[in-house]
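No lab work stands behind these numbers, since they all come straight from the coordinates. Nothing here was measured: the structure is a model prediction, and the numbers come from that model. Glycine also receives a Cβ, built like all others from the backbone with ideal geometry; neighbour counts cover every protein chain displayed.
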Amino acid sequence: MKRPGTLLSLALVFCAVTLLLVVSSGRSRSRPVHEASLVLIGFTNVPTKGDRAVLYCTNSSAKSICFLVENFDTAASGGWATHRLDTGDGKGGLTEEAKRWLSGFVGTPSRLGPNEGATFYVPSPMTNTPWRVRFLCVEQPLGDRIRKLTIGGVELPADAVLVNGEYFTGRRYKLVSPEIPK
């Protein structure tokens, strides 16, 4: 008689553990990969600058992020072709086309604090097809602020991003704008 009671108890424990695992794994999958977002609001004409796409970005995380233009894509045969902005020499130099295009941005934030948002204006790159712009976002862990104030003795990672005197060394992710029609 003890055997069926023991098996029933083991079965109940097994079911409870399985149920807890399923519930906890469902919660972890529902978390967003990143908390920044980017939307296309529309188009406008900026005085002395010309036509621009109006984008709005938000940072709904608890950490500050740097928000940097990385490159742009153009529609090409059912997919996207990526256009780098750097010269590819490994020294961070920009192409002349990239310099002209980036100088046309108006109000683009380089840093977004927790729960901040910003509207900015992006010129169309030299293309006759739909396009989109890619941004690199890097979080700023608390330690980055400490490192900023430390003199010597603190080694930053090789991929640390310095923006306006602040280091960003946390999680990195890409943010891509919606398709912007030509």
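Values as computed for the structure displayed
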quantity: Cα coordinate range in region 36-176, projected on the principal axes (Å, largest first); calculated: 51, 36, 33
quantity: Net lengthening on full extension, Glu97/Thr119 (0.36 nm per residue, minus Cα-Cα); calculated: 5.5 nm
quantity: Dipole magnitude (debye, nearest 20) for region 36-176, charges at Cβ of Lys, Arg, Asp, Glu; calculated: 180
quantity: FRET efficiency, 1/(1 + (r/R0)^6) with R0 35 Å, evaluated for Asn45 and Asp159 via beta carbons; calculated: 0.35
